[in-house]
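The values are calculated or read from the model by the stated rules, or taken from the named source; none is laboratory data. From a predicted model like this one, the values you see are computed outputs, not experimental measurements. Quick reminder, even Gly has a Cβ in these numbers, built from the backbone with ideal geometry, and neighbours come from all protein chains shown. Heavy atoms of the whole protein, side chains included, go into the accessibility calculation; ligands, DNA and RNA do not. Shrake-Rupley method; radii C 1.70, N 1.55, O 1.52, S 1.80 Å.
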Amino acid sequence: MRVIICEDYNEMSVRAAKLVACQIAIKPNCVLGLATGSTPIGLYENLIEMERVGEIDFSGVTTFNLDEYYPISPENEQSYRYFMNKRLFSKVNIDIERTHVPNGMTDDPEAECERYEKMIDEAGGIDLQILGIGQNGHIGFNEPDKELAPYTHITDLTPETIFANSRYFESEAEMPKQALTMGVESIFKARKIIILASEGRKAEAVKSMLSDKITPKCPASFLRLHPDVTLICDKQAARLL
Ligand code: PGA
């Protein structure tokens, strides 16, 4: 895994945006895997600005997001579909029909997961996947466990994740306790991966990912086995390395 340690969140976001821009320049009809959460917001802001000044063009790009809460409506401001529309898709020249987020309203989650995985394969697979890392070492909603599911699946969220993300909901009771998420193999099928980490609260997870055992107790640790992963983090997140 390549490791790039940046001064701060801003530099991390700019470095990541430059790599995404390179991917789009090399392959204008590329498939991007996207992530939500607080970490990639700066990356998306940089991409919006780069498109505004004519440095990149999203018109040929297809996207697949990692995950979505279940159940949740796309109109719910905490849904990942809402987040992506607000933070990126409505602000760049992307064809919204080519943007994909698992359907948090489906009444058949297993069928939806199967459909989602198939759509990724039919699009030719993901060229570049953006990831965040959870404080508990999760990637997507692949939570620490005794074993990890390979493909897109429905999963229960751990108490740590419910606690970490309930700050965005009016109360913990309002937060969905399940999610639809790409699996570890869905993520591994991406040809390139960028994982972002910022703030001291991620330092333990970053250290476990890079230097402890490769174990499903830290799903991100499996990224050490992928041939093309770049960690871009700020000094705070790297402080235990
Ligand atoms: P965050 O979430 O960017 O909001 O810290 C990252 C994650 O849980 O994967």
Check: Here is a list of conditions, (1) buried (at least 20 other Cβ atoms within 10 Å of the Cβ); (2) away from the ligand (no atom under 12 Å from the Cβ), and Ile96 meets all of them except one; can you say which number that is?
Finding: (1)
Checklist line | Residue among Glu75, Glu112, Glu122 that alone is of a type in the set (Asp, Glu) and buried (at least 17 other Cβ atoms within 10 Å of the Cβ) | finding: Glu112
Notebook entry, point to check: Considering only region 20-63, how many residues are more than 16 Å from the ligand (Cβ to nearest atom) and touching a residue at least 40 places away in the same chain (Cβ under 8 Å)?
Noted result: 10
Notebook entry, point to check: So, in region 78-93, of the ones that are part of a loop (DSSP other than H, G, I, E, B) and more than 11 Å from Tyr44 (Cβ to Cβ), which residue ends up most open to solvent (accessible area, probe 1.4 Å)?
Noted result: Asn93
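Residues checked against (1) at pLDDT below 95; (2) over 27 Å from Ile24 (Cβ atoms); (3) touching a Pro at 6+ places or on another chain (Cβ under 8 Å):
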position	(1), (2), (3)
Lys146	no, yes, yes
His153	no, yes, no
Ser166	yes, yes, no
Ser198	no, no, no
Val229	no, no, no
Ala237	no, no, no
Notebook entry, point to check: Within region 107-127, can one find any residue that is within 16 Å of the ligand (Cβ to nearest atom) and not acidic (Asp, Glu)?
Noted result: no
Notebook entry, point to check: Only one of (1) in contact with a strand residue (DSSP E or B) (Cβ under 8 Å, 6 or more places away or on another chain); (2) surrounded by fewer than 16 Cβ atoms within 10 Å (Cβ to Cβ) is not met by Arg201, so which one is it?
Noted result: (1)
